[in-house]
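Below you'll find the structure, written out as structure tokens, and then a few comments.
Only the coordinates and a few stated rules stand behind these numbers; no lab work does. The shown structure was predicted, so the numbers you read here are calculated from the model rather than taken from an experiment. Positions of Cβ are backbone-derived with ideal geometry, glycine not excepted, and every protein chain shown enters the neighbour counts.
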Amino acid sequence: MVNAIKGLFISCDIPMAQFIINMNASMPQSQKFIIHILDSTHLFVQPNMAEMIRSAIAEFRDQNSYEKPA
Amino acid sequence: MDHHKSHHRGDKGRPSKKPKFSNKDDHSSKFVDDDDAYYNEDAEDDYRDGEKEERKRDFSKLELKPDHANRPLWACADGRIFLETFSPLYKQAYDFLIAIAEPVCRPESMHEYNLTPHSLYAAVSVGLETETIISVLNKLSKTKLPKEMIDFIHASTANYGKVKLVLKKNRYLVLKRLLQDDVISRARIVSENLHGSDGFTVSKAAGEIATGHDGLLNEAELAAAAEEKETHSFEIDPSQAGFIVENVKQRCLPNALNYPMLEEYDFRNDNVNPDLNMELKPHAQPRPYQEKSLSKMFGNGRARSGIIVLPCGAGKSLVGVSAACRIKKSCLCLATNAVSVDQWAFQFKLWSTIQDDQICRFTSDSKERFRGNAGVVVTTYNMVAFGGKRSEESEKIIEEIRNREWGLLLMDEVHVVPAHMFRKVISLTKSHCKLGLTATLVREDERITDLNFLIGPKLYEANWLDLVKGGFIANVQCAEVWCPMTKEFFSEYLKKENSKKKQALYVMNPNKFRACEFLIRFHEQQRGDKIIVFADNLFALTEYAMKLRKPMIYGATSHVERTKILQAFKCSRDVNTIFLSKVGDNSIDIPEANVIIQISSHAGSRRQEAQRLGRILRAKGKLEDRMAGGKEEYNAFFYSLVSTDTQEMFYSTKRQQFLIDQGYSFKVITSLPPPDSGADLSYHRLDEQLALLGKVLSAGDDAVGLEQLDEDADDIALHKARRMAGSMSAMSGAQGMVYMEYSTGQKKLGLGQKGKPKDPSKRHYLFKRRFGFIPTMDRL
């Protein structure tokens, strides 16, 4: 019996995968979005999460980059 | 946006990506403590200027001179000057610009300078006249000089030299010369008028100071002096001279009364203080830039007070010793710690003919006294400023130091000493001339401006890249090595409960360790280099050094052990790498080293980065190899290891700014160690990595934090979320465009630097004052 789940396939580097996993872990049970951790660089998540993940990563990266005050 | 701009003059309408920080800024500028009132005035000036900014941006009306291609400068109405370094006139233009303007940023082809009241004050103080400044500037400029700039130069230089501070028979006198000779000859009546109004100014100044400090100035004496026609003078209450002198000087600076004080010492005609018989030895040949800096100081046969900025390794001590040899009077030399006291004493003996019994060191360990009536005393800032109880012996020596009229007060590393320490030292000692030496006139707090009135204007600042080209300092390849976090370490790094261990986690990142190990091996084996590894984080320092079996030095290492390790590093062929905590940042002289690997650092401190680079700047090898086109393109290497995707990236970029402004560029290396290095290097296997991770996680929060030395007072500002606009302007950063401080993220990102028991920022302020600057190696 085949079970098909619609989802989003994410391919990223190791640290970012950890970032998403950590993000998922900090969510309440009802909002967890990772369906499967495929390996250390590939994840399968709920299809509607793309924007949320993207913006969280963007914010995280912003915090870690210094911009010279012009 | 407007408000934002008011704080960052340089932020010309460029969309700010960090609006959240400017909010914090608003709060911080409401913090008003002692000196801030003074800075806020600056901020308001900036605000007004901010509105004009848009207009100044439009250069289309500037008129190009027909032969503009031959001229090297672009002068803008807002005081900024751009210099083309490829111009045949570069050298002359550079010498001139460095005298009248602040360098902002000096990359290879185009330099940016800024005219400020302080820089012009420095210019006239080295003997340039207003008209000369304007005419030379006009000659070099591609366009007609903007009227604003001419007016600005006039306004900033008009009053210079009218007020003079003189130390006579151990008493400070303020002289005010009202009339230049030509004025007198021109019109007697006008001069009477001038006299009147100026006389009013001075008594107002005195009045202000007096009310501020409960009649510290002797009004009667002032009135008596005012009777004289040509010179007004008043004496400063000797009992509190030090502090008052400082206030008087501050009031006279361009942003207050605009009567910058002239502080010159006519040492040749000083018959009161005994001469000290010392000459430079014949083998001491000052280099061209050292000569130049000295000529700024001794321009008209007298000695001017001020600051000379030379990169580390460029021979600051020879400049200091030369200055002392010219003045030939008693000299008090202040260093930051006992080790550099020894080094200074050594330098004096090396370069000059001074007799052994004329030079003495005064530290907690050696309390020597010189014989005869003149000599050189080398001591630390702490020893002089120390407020607690001293031994009887020290008390006697300090009393001698206080009572003597010093010909020269030589101050090393002026950028590290907290302002209050300076105040104390300067108020305790009486000197005719003060010379400050430093490599990096940049601080993470706002105190750079204070140096202007505490010591004097900046007399000379060398261009790093020119010294590199001349082969005077090493040509350093700077590299930032990106080390990806391992999966397990990054996973822990992200967890909220580990917020205090973030630093330890990114420093102990196994990929970073492997990169470090690889670099050490490469440089030791392939090139035979001498390597210093810097780690601020004590936990990491110990782990790295133990694992790699290398000697290390940190705050608690005894003086004896230190000397032993350094000696081995210098002489032994088996000891090629040492690990240093931040005790090695300043003044530990390690001329042999030519590679630095930085594995952890003090947040975003630009000064630390520059100081560390300075450890390897001393030129090595043959001169012809070092010159452009020689055998070796680079002969020194500076690696900064950074764990990617962590806060370290933020700090790393920030730290590099000062060096980038000096024209250095950082190369990013992403593939270290090479993928095939495998089990050659440590922590190859996952179980080893996990064991390391376990160690980091089980260590106490205190153990994994930063080493906290007492001498960090300067960096305290890093822990506070505050910044001021325009404050660094005067000396270091041309209106704060470059050196604007952002203590961003500290709070927001939860740095894991808080809560250490010895954090000096948490001390009661009374204790902070006393202990603010006591290097651990200098036990009193």
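Go ahead and collect, in residue order, the members of the stretch B:283-302 whose backbone nitrogen is under 19 Å from a label point 7 Å along the Cα-Cβ direction of B:K91. Only B:286-296 pass the distance filter.
Compute the projected area of the convex hull of the Cα atoms of the stretch B:269-462, averaged over all viewing directions, and report it in nm² to one decimal place. Computing the convex hull of the Cα atoms and averaging its projections yields 10.5 nm².
Across peptide A:25-32, the mean count of Cβ atoms from other chains lying within 10 Å of each residue's own Cβ comes to 1. Taking a ≥ b ≥ c as the square roots of the eigenvalues of the Cα gyration tensor, the stretch B:539-599 is classed as rounded, since a/c falls below 1.5.
Across the stretch B:282-290, rounded Karplus estimates of 3J(HN,Hα) from the backbone phi angles (6.51 cos²θ - 1.76 cosθ + 1.60, θ = phi - 60°) give x, 6, 7, 9, x, 6, x, 6, 5 Hz, Gly and Pro being marked x.
Determine, from the Cβ-Cβ distance of A:A58 and B:L697 and an R0 of 35 Å, the FRET efficiency 1/(1 + (r/R0)^6), rounded to the nearest 0.05.
Here the calculated transfer efficiency is 0.75.
3J(HN,Hα) along the stretch B:327-343, derived from phi through the Karplus expression 6.51 cos²θ - 1.76 cosθ + 1.60 where θ = phi - 60°, amounts to 6, 6, 10, 4, 10, 9, 10, 10, 10, 8, 7, 4, 5, 6, 4, 4, 5 Hz, with x in place of Gly and Pro. Percent of Cα pairs in the stretch B:493-585 per distance bin of 10 Å, from zero to the largest separation: 15, 45, 29, 9, 2. When peptides B:535-546, B:397-408 are sorted by average Cβ neighbour count within 10 Å, with the highest value leading, the order is B:535-546, B:397-408. Cβ crowding within 10 Å ranks B:D412, B:D95, B:D687 as B:D687, B:D95, B:D412, fewest other Cβ atoms first. Between B:A77 and any residue 5 or more places off or on another chain, the built amide H atoms are never under 5 Å apart. Cross-link check: pairs B:K530/B:K550; B:K329/B:K430; B:K550/B:K667 evaluated at a Cα-Cα cut-off of 19 Å; pairs beyond the cut-off: B:K550/B:K667.
Each peptide in B:349-362, B:673-686 receives the mean, over its residues, of other Cβ atoms within 10 Å, and ordering these scores from highest gives B:349-362, B:673-686.
Backbone phi angles across the stretch B:680-694, fed through the Karplus curve with coefficients 6.51, -1.76 and 1.60 (θ = phi - 60°), yield HN-Hα couplings of 4, 9, 5, 6, 7, 8, 4, 5, 5, 4, 5, 5, 5, 4, x Hz in residue order; Gly and Pro are listed as x. The distance separating the Cα centre of the stretch B:515-592 from that of the stretch B:655-672 comes to 23 Å.
Peptide A:13-22 has a mean of 6 when you count, residue by residue, the C-beta atoms of other protein chains within 10 Å of its C-beta.
Which number do you get for Rg(Cα) / (2.2 N^0.38 Å) in the stretch B:445-543?
1.60
In terms of surrounding Cβ atoms within a 10 Å radius of their Cβ, B:E413, B:E688 rank from fewest to most as B:E688, B:E413.
Placing R0 at 60 angstrom, the Cβ-Cβ distance between A:D39 and B:K147 gives a FRET efficiency of 0.30 after rounding to 0.05. Look at the stretch B:475-486: the mean tally of other chain Cβ atoms within 10 Å of its residues' Cβ atoms is 1.
Counted by neighbouring Cβ atoms within 10 Å, the residues B:T577, B:T563 run from fewest to most as B:T563, B:T577. Backbone N atoms of the stretch B:514-549 closer than 20 Å to the 7 Å Cα→Cβ label point of B:Y634 belong to residues B:514-535. Computed log10 I(q)/I(0) for chain A at 0.24 Å⁻¹: -1.13, from the Debye equation with unit scatterers placed on every C-alpha and solvent omitted. Evaluated on the stretch B:292-405, the Kirkwood hydrodynamic radius is 15.0 Å, with distances taken between all distinct Cα atoms. For B:K329, the residues 5 or more places off, or on other chains, whose built amide H falls under 5 Å of its own are B:L276.
Taking amide H atoms as placed 1.01 Å from N in the peptide plane, the amide H of B:T380 lies under 5 Å from those of B:A335, each 5 or more residues away in sequence or on another chain.
Over 23 Å between C-alpha atoms is what I'm after, so list which of B:K281/B:K396; B:K349/B:K389; B:K281/B:K316; A:K32/B:K502 land there.
B:K281/B:K396; B:K349/B:K389; A:K32/B:K502
Taking packing as the residue-averaged number of other Cβ atoms within 10 angstrom, the listed peptides B:591-597, B:111-117, B:388-394 run from highest to lowest as B:111-117, B:591-597, B:388-394.
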